[in-house]
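Enquirer: This is the structure I have questions about; it appears just below.
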Amino acid sequence: MSLFRKDVKNFIVPVVADLTQTVNGQQVLVQQYSTNTNGASAVSEGVEAYAQHTFDFGLGAQVNFTFNHTSAAAVTLGGANLGTSPLVGSAKTQWNASIFYEKHGILARISYNRRGQQVEGLVSGLNVYNDPYQQFDLNVAYNITPHIQLTGSIINLTKETQYAHLGSDTKDRFYSAQYTGRRFYAGVQWNF
């Protein structure tokens, strides 16, 4: 288990906002202007715990949990205050767990990953929140010889979709959905 604290200065925040610009000496309102700007200083602090155990017959498990609290920082662009944002990309909770078997040239692992709500930037003064997301992955490998291994993976086994909304007061302001599908990989690895 470990405790952490990070002081972060000028972190990057993606923003979409209406912004007045000077074009050929005239003031022009640019709507839905998309750019990156900096958030002022923020703090990220929390705790991380990890455990793993493997039995003599090859079966094992591992789990990792992180709790992270970040402060909100002011976000400005061209002298205009756009709002506040926690550290972009951080989630309050994140954990993953795996059950695996590794013996006699066989490796099989099923993993579960879950990330809590995550901030991704500012749109018209509201934070973009990615909803909590979870995913199962499956990996297998078999050593045909000491030098040749067959591998296979299924990513996003349960076909999860990532959703995002605007603001922390409601999920009714839908912003986006991202679906990457279930992905299959197979291969042969040769070690020499």
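Enquirer: Is it true that T76 is hydroxyl-bearing (S, T, Y) and in contact with a strand residue (DSSP E or B) (Cβ under 6 Å, 6 or more places away or on another chain)?
Expert: On the way: hydroxyl-bearing (S, T, Y): yes; in contact with a strand residue (DSSP E or B) (Cβ under 6 Å, 6 or more places away or on another chain): no.
Spelling it out, it is not the case that T76 is hydroxyl-bearing (S, T, Y) and in contact with a strand residue (DSSP E or B) (Cβ under 6 Å, 6 or more places away or on another chain).
Enquirer: Here's a check for you: in the range 73-89, which residue that is surrounded by 16 or more Cβ atoms within 10 Å (Cβ to Cβ) and hydrophobic (A, V, I, L, M, F, W, C) is farthest from the chain's Cα centre (by Cα)?
Expert: The selected residue is L77.
Enquirer: Tally up the residues in the range 1-17 that are at pLDDT 85 or above and surrounded by 12 or more Cβ atoms within 10 Å (Cβ to Cβ), please.
Expert: Number satisfying all stated conditions: 9.
Enquirer: Still on this structure, I have one more. May I ask you to verify whether N36 is surrounded by fewer than 12 Cβ atoms within 10 Å (Cβ to Cβ), within 25 Å of the chain's Cα centre (by Cα) and touching a residue at least 12 places away in the same chain (Cβ under 8 Å)? Can you show your working first?
Expert: Numbers: surrounded by fewer than 12 Cβ atoms within 10 Å (Cβ to Cβ): yes; within 25 Å of the chain's Cα centre (by Cα): yes; touching a residue at least 12 places away in the same chain (Cβ under 8 Å): yes.
Criteria met by N36.
Enquirer: For the range 22-43, enumerate the residues that are farther than 21 Å from V119 by Cβ and out of contact with any Leu (no Cβ under 8 Å at 6 or more places or on another chain).
Expert: T22, V23, N24, G25, Q26, Q27, V28, Q31
Enquirer: Follow-up question, since we're still on this one. Can you tell me how many residues within the range 91-112 are under 19 Å from A177 (Cα atoms) and either polar (S, T, N, Q) or at pLDDT 95 or above (or both)?
Expert: 0
Enquirer: Cβ-Cβ under 7 Å, sequence separation 6+ or interchain: first residue in the range 114-135 and in contact (Cβ under 8 Å) with a residue 12 or more places away in the chain and under 19 Å from A73 (Cα atoms), partner of a type in the set (D, E) and part of a strand (DSSP E or B). Which pairs?
Expert: V128/E120; N130/E120
Enquirer: Would you please name the residue that is surrounded by the most Cβ atoms within 10 Å (Cβ to Cβ), looking only at residues in the range 90-133 that are charged (D, E, K, R) and within 20 Å of N156 (Cβ to Cβ)?
Expert: Per the stated criteria, the residue is R115.
Enquirer: Here is a follow-up. So which residues in the range 23-74 are of a type outside the set (A, V, I, L, M) and in a loop (DSSP other than H, G, I, E, B)?
Expert: N24, G25, S41, F55, D56, F57, G58, S71
Enquirer: Within the range 158-181, track down each residue that is surrounded by 14 or more Cβ atoms within 10 Å (Cβ to Cβ), at pLDDT 95 or above and part of a loop (DSSP other than H, G, I, E, B).
Expert: E160
This table checks each residue for (1) without any contact (Cβ under 8 Å) to a residue 40 or more places away in the chain; (2) touching a strand residue (DSSP E or B) at 6+ places or on another chain (Cβ under 7 Å); (3) aliphatic (A, V, I, L, M); (4) farther than 16 Å from V88 by Cα.
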| residue | (1), (2), (3), (4) |
| --- | --- |
| L19 | no, yes, yes, yes |
| T22 | yes, no, no, yes |
| E48 | no, yes, no, yes |
| F67 | yes, yes, no, no |
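Enquirer: Can you say whether H147 is without any contact (Cβ under 8 Å) to a residue 24 or more places away in the chain and on the phi < 0 side of the Ramachandran plot, as far as the supplied structure shows?
Expert: No, not satisfied.
The values are calculated or read from the model by the stated rules, or taken from the named source; none is laboratory data. All values derive from a computational prediction rather than experimental measurement. Cβ: placed from backbone, ideal geometry, glycine included. Neighbour counts: every protein chain shown.
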